[in-house]
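Right, one structure below, let's go through it.
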Amino acid sequence: TNLNMLHAQHTQQAASRCSRQAASNVVSGLNAHSTRMPVASRQVQNACARPRIHSERASSIMAQSAATLSAPAGPAGTASSNGGGTRVMIIGGDGYCGWATALHLSARGYKVCIVDNLVRRQFDLQLGLETLTPIASIQDRIRRWGEISGNHIELAIGDICDWEFFGEAFKSFDPDSVVHFGEQRSAPYSMIDRQRAVYTQTNNVVGTINVLYAIKELKPDCHLVKLGTMGEYGTPNIDIEEGFITINHNGRSDTLPFPKQGGSFYHLSKIHDSHNIHFATKAWKIAATDLNQGVVYGVRTEECSSDPMLINRYDYDGIFGTALNRFVVQAAVGHPLTIYGKGGQTRGYLDIRDTVRCIQIAIDNAANKGEMRVFNQFTEMWSVNDLADMVTKEGNRLGLNVQKSNVPNPRVESEEHYYNAKNTKLQDLGLKPHLLQDSMVDSLLEFAIQYKDRVRTELIKPAVDWRKSGTNPKVASASASVSK
């Protein structure tokens, strides 16, 4: 009863903040590109933001991309049909990893449905951010993919935290696998203020619980592929195993989940997800693969590069951008590379082309029922100083004048530490990695140089200081959020 009251209060508060015009725009946009009627008999009234940052009850609409019958077979090299009609729901399919994955799977014969509340685009509007690469609307993206490939991608616009919407979308599509990218994925965003911290944890944890219940109640044989993060582990002074570690203590032995040390409220939300998934696999015999992903880089995949309207986003700002993305943009526009602190912070990295392949491998090699399988999804380990050195070398080779500068670290983290993580399971299943030094130019620097006129240098500087996160909402802009 208390939970229902809290949910009702939250819904009422959120509805009061929503713009009904936003709902009308979303519905109209979908209908303009849809080839069939909505999946649900009802349409949720609002497809607008929950308080400030996320949709309250988004429109319960399933749309399908319009494929031209006479269109070419698709981008060269992607015509294989080894998906065999496997039905894959991609939650967060309008985002960076989700969009590339949706096209990769669709090109290979999987039946794909994207579920997204489009809140990532709303974040940009609220914080004054902008992707380096210009991206089309999700409706135009899907329509264009249908035209050039002949493949349908279904679309459900809505919030997975809204059980009524998500349950209907799940039942209608009836997935064999669910790939769950649909979470607030920025550590700095979660540290802006109390409101963003609460949103991050509520959105991420509640959304994942809803996915678990959907599988349990509606399709128990559905395989969950959940995107976690290597940041769950922190930087321990021991080797990081893939999910579990065998411990001998006081004469007894057990294999337990590897200790977690999240470095932000975002990372902690991912840890909560992992614990909830582990419990659900034991209690309900769900099959789940938890992918602890490193830092992803790159814009180029075979499908995203096949047409300008399919291009992926590239974030370089101080909230959603990564150090590597920031360095590449800084090199392109002649801004010194800003290294946070001493630069010894070491993490795992992988190319976006490897991300989509890892997802496919996880789908094709499903976990057993009752098993939570953990893969560490990265291909190389680099320090921030290593990244700066590589960008400097490749930038200078292209005729850019690349300089480096150390700046105060806005994060609370070790700047010099031991880091050695295991990552053999995906490669044992067939992953053939792309290496950063081979991809720096074609997947990063070329795009930054091509779109350098879109760079806004005020977005490059650190935007969020972990130590200054407080209770007063900071909503002005990314560049102003750290100064209050």
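Among the residues of the range 152-161, write down those that are part of a loop (DSSP other than H, G, I, E, B) and surrounded by 24 or more Cβ atoms within 10 Å (Cβ to Cβ).
Of the range 152-161, the ones part of a loop (DSSP other than H, G, I, E, B) are 152, 158-161.
Those that are part of a loop (DSSP other than H, G, I, E, B) and surrounded by 24 or more Cβ atoms within 10 Å (Cβ to Cβ): Gly158, Asp159, Ile160, Cys161.
Quick test for you: out of Gly207, Gly231, pick the one residue that is within 29 Å of Pro473 (Cβ to Cβ) and in contact with a Cys (Cβ under 6 Å, 6 or more places away or on another chain).
On the way: Gly231 fails: in contact with a Cys (Cβ under 6 Å, 6 or more places away or on another chain).
Criteria check complete, one pass: Gly207.
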### Task
Look through Phe375, Phe327 and report the one residue that is outside any strand (DSSP E or B) and surrounded by 20 or more Cβ atoms within 10 Å (Cβ to Cβ).
Phe327
### Query
Before we move on, is Arg347 under 23 Å from Lys393 (Cα atoms) and either part of a loop (DSSP other than H, G, I, E, B) or open to solvent by 20 Å² or more (accessible area, probe 1.4 Å) (or both)?
yes
### Summary
Filtering the range 408-424 down to residues that are among the aliphatic types (A, V, I, L, M) and over 20 Å from Ser186 (Cα atoms) yields Ala421
### Residues being farther than 25 Å from Thr208 by Cα, open to solvent by 20 Å² or more (accessible area, probe 1.4 Å) and in contact with a helix residue (DSSP H, G or I) (Cβ under 8 Å, 6 or more places away or on another chain) - total across the range 112-135
4
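Looking at Tyr316, Tyr297, can you tell me which residue is touching a strand residue (DSSP E or B) at 6+ places or on another chain (Cβ under 7 Å), closer than 13 Å to Phe447 by Cβ, open to solvent by less than 30 Å² (accessible area, probe 1.4 Å) and not polar (S, T, N, Q)?
Numbers: Tyr316 fails: touching a strand residue (DSSP E or B) at 6+ places or on another chain (Cβ under 7 Å).
Exactly one of Tyr316, Tyr297 is touching a strand residue (DSSP E or B) at 6+ places or on another chain (Cβ under 7 Å), closer than 13 Å to Phe447 by Cβ, open to solvent by less than 30 Å² (accessible area, probe 1.4 Å) and not polar (S, T, N, Q), namely Tyr297.
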### Query
So which residues in the range 259-288 are more than 21 Å from Ile192 (Cα to Cα) and without any contact (Cβ under 8 Å) to a residue 40 or more places away in the chain, if there are any at all?
Pro259, Lys260, His275, Phe279, Ala283
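Considering each residue of the range 397-417, count those that are more than 21 Å from Gln293 (Cβ to Cβ) and in contact (Cβ under 8 Å) with a residue 60 or more places away in the chain, and give that number.
Step one: of the range 397-417, the residues more than 21 Å from Gln293 (Cβ to Cβ) are 397-410, 412, 415-416.
Those still in the list that are in contact (Cβ under 8 Å) with a residue 60 or more places away in the chain too: 400-410, 412, 415-416.
Selection size over the range 397-417: 14.
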### Query
Going by the conditions given, is Gln437 of a type outside the set (Asp, Glu), touching a helix residue (DSSP H, G or I) at 6+ places or on another chain (Cβ under 9 Å) and not in a loop (DSSP other than H, G, I, E, B)?
yes
### Query
So, in the range 378-409, of the ones that are part of a helix (DSSP H, G or I) and β-branched (Val, Ile, Thr), which residue ends up farthest from the chain's Cα centre (by Cα)?
Thr392
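The values are calculated or read from the model by the stated rules, or taken from the named source; none is laboratory data. Keep in mind the model is a prediction, meaning the values are calculated, not measured. Backbone-built Cβ (ideal geometry, glycine too); neighbour counts: all protein chains shown. When the accessible area is computed, the model is the full protein with side chains, heavy atoms only, and any ligands, DNA or RNA have been set aside. Shrake-Rupley method; radii C 1.70, N 1.55, O 1.52, S 1.80 Å.
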